Each structure stands twice: as C-alpha cells, then as structure tokens.
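Colleague: Following this message is one structure expressed as structure tokens.
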Amino acid sequence: MRVYVLNGPNLGRLGTRQPEVYGTTTYADLVELCQRTGRELGLEVVVRQTDAEHELLGWLHEAADLGAAVVLNPAAWSHYSVAVRDACALLRAPLVEVHISNIHAREPFRHQSVVSAVATGVICGLGVDGYRLALHHLAARHR
Ligand code: DQA
C-alpha cells in the first residue's frame, strides 16, 4: 500500500524552527523515521514537504487519483486553507492529520483546523512520534 506523508509550510525547517515547540528532530530525520517505519510495516511511503500551496494541492489530487492513504501535516494552512480542505475531501482512502505540537494548548488561532472535519482522524501534541503512530494506524487498518 502506498502512503503519502505530506508536510506544509515551514516544516522543512524542523530541527532549528522553535525547538521548544517542535523539538530538535530535523526534517531529514523525520523523512528517515517515516521511511524506516514504512519499511517495517511493508508500506510504500512517499514523504514530501512544500511551502507552496498549489504544490500540496497537486500532491493531494495525485493521492486522490491513486486512491492512496495520506498522513498530512498541513502546518499553518490547517487554520485557514479551504483549498487544502477541499482537496482533502477528494481523497478516497483514509487521511490522518498530524500536528507535532498540541494546537489546542497554543494561541487561539491555532485551535481550529479546517481540515479536521474531513480527516479520518487527528493526532496532535505527540511530537514527531505522531507520524509513526499514523503510519501504524494506516497499516493496521489496511490489514
Ligand atoms: C503545526 C501547528 C501549526 O499551528 C503550525 O502553523 C505549524 C506546525 C504542528 O505540527 O504542530 O507549522 O502543524
């Protein structure tokens, strides 16, 4: 089973970006974590990050066309992008929304995600372990 792990803006800066909020795992470490987990679970994991909204929309359309499952950290777009939400609504396989930080314990503008209502489930506040857990869930669900 192919799983797209898609990351929105500024997540390429993981490791140096507000480590007190997002931890010290780098984006390269995150890619490695997802690929290693995928190998352990027998999943074909594709990991991508973009700062350009149209690029994320294209990847979501690709996942929709292939019927692929998605692990998505929409980052700041979570809070206002109706376009990202609408693209998520096109998906036919499960979508797990992941946030590294606990968005509910942060500034009020982060408390709402416009994506959550069209996600299968949401993991937030568990650090980068949320990605590993999301992949485990998708693998177990597929069995
Ligand atoms: C985030 C939380 C968002 O509020 C923020 O804009 C991000 C990362 C998280 O993973 O905790 O860029 O999605």
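The values are calculated or read from the model by the stated rules, or taken from the named source; none is laboratory data. What you see is a predicted model, and the numbers here were worked out from it, not measured in a lab. Neighbour counts run over all protein chains shown; Cβ positions are idealised from the backbone, glycine included. Ligands, DNA and RNA are stripped out before the accessible areas are found, and what is left, the full protein with its side chains, is counted by its heavy atoms. Shrake-Rupley method; radii C 1.70, N 1.55, O 1.52, S 1.80 Å.
Colleague: Looking only at residues in region 30-54 that are closer than 22 Å to ALA83 by Cβ and within 12 Å of the ligand (Cβ to nearest atom), which one is least open to solvent (accessible area, probe 1.4 Å)?
Modeller: In this case the residue turns out to be GLN49.
Colleague: Moving on to the next point. Just to be sure I understand, how many residues within region 66-100 are hydroxyl-bearing (Ser, Thr, Tyr) and either open to solvent by 10 Å² or more (accessible area, probe 1.4 Å) or part of a helix (DSSP H, G or I) (or both)? Working first, answer last.
Modeller: If we filter region 66-100 for residues that are hydroxyl-bearing (Ser, Thr, Tyr), which is where we start, we get 78, 80-81.
Those still in the list that are either open to solvent by 10 Å² or more (accessible area, probe 1.4 Å) or part of a helix (DSSP H, G or I) (or both) too: 78, 80.
The qualifying residues number 2.
Colleague: For region 15-29: of the residues being part of a helix (DSSP H, G or I) and open to solvent by less than 50 Å² (accessible area, probe 1.4 Å), which is farthest from the ligand (Cβ to nearest atom)?
Modeller: If we take residues in region 15-29 being part of a helix (DSSP H, G or I) and open to solvent by less than 50 Å² (accessible area, probe 1.4 Å), then TYR27 is farthest from the ligand (Cβ to nearest atom).
Colleague: While we're here: All but one of (1) open to solvent by 40 Å² or more (accessible area, probe 1.4 Å); (2) near the ligand (Cβ under 10 Å from one of its atoms); (3) under 29 Å from GLU40 (Cα atoms) hold for THR120; which doesn't?
Modeller: The failed condition is (2).
Colleague: If I ask for residues that are within 10 Å of the ligand (Cβ to nearest atom) and open to solvent by 20 Å² or more (accessible area, probe 1.4 Å), which ones from region 128-143 would you list?
Modeller: VAL128
Colleague: Quick check: is even one residue across region 101-118 within 22 Å of TYR22 (Cα to Cα), among the hydrophobic types (A, V, I, L, M, F, W, C), under 15 Å from the mean Cα position of the chain (by Cα) and not in a helix (DSSP H, G or I)?
Modeller: Step one: filter region 101-118 for residues within 22 Å of TYR22 (Cα to Cα), giving 101-116.
Filter once more, keeping what is among the hydrophobic types (A, V, I, L, M, F, W, C): 103, 105, 109, 114-115.
Among the residues that remain, those that are also under 15 Å from the mean Cα position of the chain (by Cα) are: 103, 114-115.
Right, trim to not in a helix (DSSP H, G or I) and you get 114-115.
Yes, region 101-118 has at least one match.
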